[in-house]
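Colleague: This is the structure I have questions about; it appears just below.
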Amino acid sequence: MSRLTACSVTALVALIAALSAPSIAVAQQATVAAINRGVVEIETSGAAGISVRIAEDLANLIDDGTTRHIVPVVGKGSLQSLTDLKYLRGVDMAILQTDVLDYAKEQRLLPGLESSLTYIARLYNEEFHLLAGPDVKNFAELAHKKVNVDLRGSGTAITASRLFDSLKIPVTVTNDSQEVALDKLRRGEIAALAFVAGKPAPLFMGLKGDDGLHFLTVPFNPAASSAYAPTQLTAADYPGLVAQGRPVETVAIGSVLAVADLRQLTERYRNHDGFVDTVDRAADALVRERLLLSEDADRYIQAAQNSNVLR
């Protein structure tokens, strides 16, 4: 099973639980109400990352055209997606980096953030890519040089800031789109670009390394955040940039499916037991279709039972 499929299956139970609606009459007004009750908007962090493909995959897996309808929304970065999830009408779910959640809590950007998220499912890891020009040989040599970290408020911008600060490497930040930044890197106008994306990221797939562009090793600092874990970029991921047998060490960042404080939960489930029953039935269906292991289904059901949804 591919990482994309596995991530989609992981999120499937949480999504179906948020989508189930009771049967209603066939009258036009009731039908319109039913369709709207089955609509869930899921916001992704941006078009360049893997979250858009995850949302599309979820829509293809879950959308039945009547009672369950997923509407993917392309956001302007993880921080904006988190703000939209809390305040923007219609946004029910968002795919977020875990360190963005940590950052928002630390900076107290959104009061009452914890209480506004009713259910969170772990999805997948993305990798921190640090692509440098020929004049930069290691991470420390980026000190006081220009490093592009994507647009302000993006997940990459937040991750890069936290990593550089934790490793005490001061850099001059630029905020161009990744495509513009790659062009500037080729021309030598910046020293490096950072990008948080699931490997292999399309942005780097066409690069051959013949112009001196290469990935830098990113030291792992366990004290930086529990949101990070050590990982590698390999020749299997990027054959044009990473030599066979010489993987590049970097860090991985977790992503989660966060669900807003849906006021219509009582309408969908009636009570906590109804919510658990919905998760139970959804997990059972996935096991029968061989899209979910029985032990994983048991774990999701247990998580629903232990949750505070509608208690």
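The values are calculated or read from the model by the stated rules, or taken from the named source; none is laboratory data. On a predicted model such as this, the values are computed, not experimentally measured, just so you know. A quick note on method: Cβ atoms are made from the backbone with ideal geometry, for glycine too, and the neighbour counts reach across all protein chains shown.
Colleague: Name the single residue, out of those in the stretch 103-122 being modelled with pLDDT of 70 or more and under 14 Å from the mean Cα position of the chain (by Cα), that is surrounded by the fewest Cβ atoms within 10 Å (Cβ to Cβ).
Modeller: The residue in question is 122.
Colleague: Moving on. Taking residue 249 as meeting all but one of (1) acidic (Asp, Glu); (2) at pLDDT below 70; (3) under 30 Å from residue 168 (Cβ atoms), write down the number of the exception.
Modeller: (2)
Colleague: Residues that are modelled with pLDDT under 75: list the strands (runs of 3 or more DSSP E) wholly contained in the stretch 32-101 that include at least 1 such residues.
Modeller: 39-44, 69-74
Colleague: Separate question: Across the stretch 218-262, what is the number of residues that are of a type in the set (Phe, Trp, Tyr) and not assigned by TED's automatic domain parsing to the domain that holds residue 164?
Modeller: Number satisfying all stated conditions: 0.
Colleague: Just to be sure, is residue 220 in a helix (DSSP H, G or I) and either touching a strand residue (DSSP E or B) at 6+ places or on another chain (Cβ under 6 Å) or in contact (Cβ under 8 Å) with a residue 24 or more places away in the chain (or both)?
Modeller: no
Colleague: Among the residues of the stretch 199-212, is any within 23 Å of residue 122 (Cα to Cα), in contact (Cβ under 8 Å) with a residue 40 or more places away in the chain and over 20 Å from the mean Cα position of the chain (by Cα)?
Modeller: The answer is no, given that none of the residues of the stretch 199-212 is within 23 Å of residue 122 (Cα to Cα), in contact (Cβ under 8 Å) with a residue 40 or more places away in the chain and over 20 Å from the mean Cα position of the chain (by Cα).
Colleague: Here are 257, 241, 207: which of them is in contact with a strand residue (DSSP E or B) (Cβ under 9 Å, 6 or more places away or on another chain) and part of a strand (DSSP E or B)?
Modeller: Just one listed residue meets the conditions, 257.
Colleague: Here is a follow-up. Would you pick out the residues in the stretch 133-155 that are surrounded by 16 or more Cβ atoms within 10 Å (Cβ to Cβ) and in contact (Cβ under 8 Å) with a residue 60 or more places away in the chain?
Modeller: 133, 136, 139, 142, 150, 151, 153, 154, 155
Colleague: Against the condition in contact with a helix residue (DSSP H, G or I) (Cβ under 6 Å, 6 or more places away or on another chain), modelled with pLDDT under 95, surrounded by fewer than 18 Cβ atoms within 10 Å (Cβ to Cβ) and of a type outside the set (Phe, Trp, Tyr), how does residue 276 come out, does it pass?
Modeller: no
Colleague: Moving on. Quick one: in the stretch 173-222, which of the residues that are touching a helix residue (DSSP H, G or I) at 6+ places or on another chain (Cβ under 8 Å) and among the charged types (D, E, K, R) is surrounded by the most Cβ atoms within 10 Å (Cβ to Cβ)?
Modeller: 176
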